[in-house]
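Heads up: the structure comes next, in structure tokens.
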Amino acid sequence: MVCTHFEKMLYDNGQLLSLYANAYAATKDALFQQVVEQTIGWAEREMRSPEGGFYCALDADSEGEEGKFYVWTLEELEAALGAEAELFIDYFNATEGGNWEGKNILFVRQSPDDFARAYELDPEEFKQALQEARQKLLHQRSTRVRPGLDDKVLAAWNGMMLSGLCDAYAALGEARYLELARQNAAFIEKHLLQGSRLRRNQKAGTAPSPAFLDDYAFVIGGWLRLYEVSFEEKWLQLARRLCTYCLQEFWDEEEGLFFYTASSSEGLIARKKELFDNVIPSSNSQMAHNLYRLGLLLEQEDWTSRARDMVSRMERLILTEPQYLSHWAGLYLHMAYPTAEVAISGPGYQQKASELHRYYLPNKVVAAAGQESSLPLLQQRLPREGTTLLYLCYNKACQQPVASVSEALVQLKQAINLA
């Protein structure tokens, strides 16, 4: 099946980045890696503002026709690709009749390595030829009338993209992805943060609208994720500041959930709550994730307790209607098992953390530093004689520190088996 939704939304692509990055970490399937690389390439090329924010969307239509900018006929492919057209027409699964209204949405079923082996080609030579073919297609497509660009920068959607970039860096270790994440996080701080308050959007240098709960929730999630891959404590402290503000301004003590609007907002007849996950996870489910993970990293037990209470309030619906509460269900599953608290201390902390991130281990939080830190997970967990050590802890109780990721993985597996 080929997707025929041509409008390119930032929130879709931010979430898909995380999905495919995690899928690659779990399977090491090169096709998933390719999707991550191409998605980031598209976002950097088409959606990124000069200051580091990401725009909202590219339209589906151009010249009054849906998808015209994106689809191809065989004749167009042959003209663009020249002598190697037949090979790449097969790779991109294009046909004479097309797969959408007589034209082709290009897609792949195999990784470049698998396709090269099927054609008895050298995989590295094919990858190089594929890169050149893509550039030819991009060049040809650049001559078409472009779709309209919605050049607003939304806080919530940029938070999702920030998380996606961090997940991509964690899975693939590509330094450029981390730098893009840093620049995006810095954009949000500079252009959308005013004290402890966020603005919802920015366009043409102005940020007129106050943020709603989803803006706070996804920016907190993005900054938290950036800390866990960069270990720059600034981002963790910013996430903490916004989370504290949300508890002051959005929390409903009676129901134990968050309102969508702040108490300081203009008076409304009723303040709604956003509970059900849709194309975007609900702001309450994301805040529950934030409280749980921040609570563990910062040893703020009242935050982890609030997160558990939020999930408990939603438990019946999670179990009976999981299709509408998938983000809630993910946290529900994390809470069903002990969450690993990983502390990495010593001069090689970045290398050890990067090695650990290559494995799909979703039910963990990670803190790391090269020297003594005030963070609770890192206190009194100092390296020995310059050796970098990994501490695997559950509920503040740590196992014997180890010097290699492989040893930490053994401890992790044993803990899961005993749970």
## Note on the structure
In degrees, nearest 10, the alpha-carbon axis of helix 405-418 is tilted away from the dominant principal axis of the alpha carbons of the chain by 70 degrees
### Message
Tell me whether segment 54-122 comes out rounded, prolate or oblate; compute the Cα gyration tensor, take square roots of the eigenvalues as a ≥ b ≥ c, and use a/c under 1.5 as the rounded threshold.
### Response
prolate
### Query
Can you list the trypsin sites (Lys or Arg not before Pro) in segment 258-361 that are in a DSSP coil and have 10 or fewer other beta carbons within 10 angstrom?
LYS272
### Task
Against the globular-protein guess of 2.2 N^0.38 Å, express the Cα radius of gyration of segment 133-264 as a ratio, rounded to two decimals.
1.23
### Query
Expressed as a whole number of Å, what is the distance separating the alpha-carbon centroids of segment 363-405 and segment 70-124?
49 Å
### Task
Round to the nearest 10 and give me the degree value, 0 to 90, for the angle of helix 233-249's Cα axis relative to the longest principal axis of the chain.
70 degrees
### Query
Highest mean first, what order results for 74-84, 227-237 on Cβ atoms within 10 Å?
227-237, 74-84
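Place a +1 charge on the Cβ of each Lys and Arg in the chain and a -1 charge on the Cβ of each Asp and Glu, then give the dipole magnitude about the Cα centre in debye, rounded to the nearest 20.
Numbers: 41 positive and 57 negative charges, 287 e Å.
Magnitude of the dipole: close to 1380 debye.
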### Summary
Between the Cα axis of helix 301-320 and the main Cα principal axis of the chain, the angle (0 to 90°, nearest 10) is 50 degrees
## Note on the structure
Quick calc: nm separation of the 7 Å Cα→Cβ label points for GLN248 and THR95 -> 6.1 nm
### Query
If you take the charge dipole of segment 136-219 about its Cα centre, with +1 on Lys and Arg Cβ and -1 on Asp and Glu Cβ, which of THR206, CYS166, LEU180 is farthest toward its positive end?
THR206
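From the square roots a ≥ b ≥ c of the eigenvalues of the alpha-carbon gyration tensor of segment 176-217, which class results: rounded (a/c under 1.5), prolate (a/b over b/c), or oblate? Please list the in-between numbers first.
Details: a/c = 2.24, a/b = 1.61, b/c = 1.39.
It comes out prolate by the Cα gyration axes.
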### Query
Counting Lys and Arg as +1 and Asp and Glu as -1, each charge on the Cβ, what is the dipole of segment 174-250 about the Cα centre in debye, to the nearest 20?
260 debye
### Task
Would you mind working out the magnitude of the charge dipole of segment 1-146 relative to its Cα centre, with +1 at each Lys and Arg C-beta and -1 at each Asp and Glu C-beta, to the nearest 20 Debye?
400 debye
### Task
Give the shape of the chain as rounded, prolate or oblate, defined through the alpha-carbon gyration tensor: a ≥ b ≥ c are the square roots of its eigenvalues, a/c under 1.5 means rounded, and otherwise the shape is prolate if a/b is larger than b/c and oblate if not.
oblate
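Read-outs: derived from the displayed coordinates by stated rules, not from any lab. Worth saying up front: this structure is predicted, and the values here are computed from it rather than measured. Positions of Cβ are backbone-derived with ideal geometry, glycine not excepted, and every protein chain shown enters the neighbour counts.
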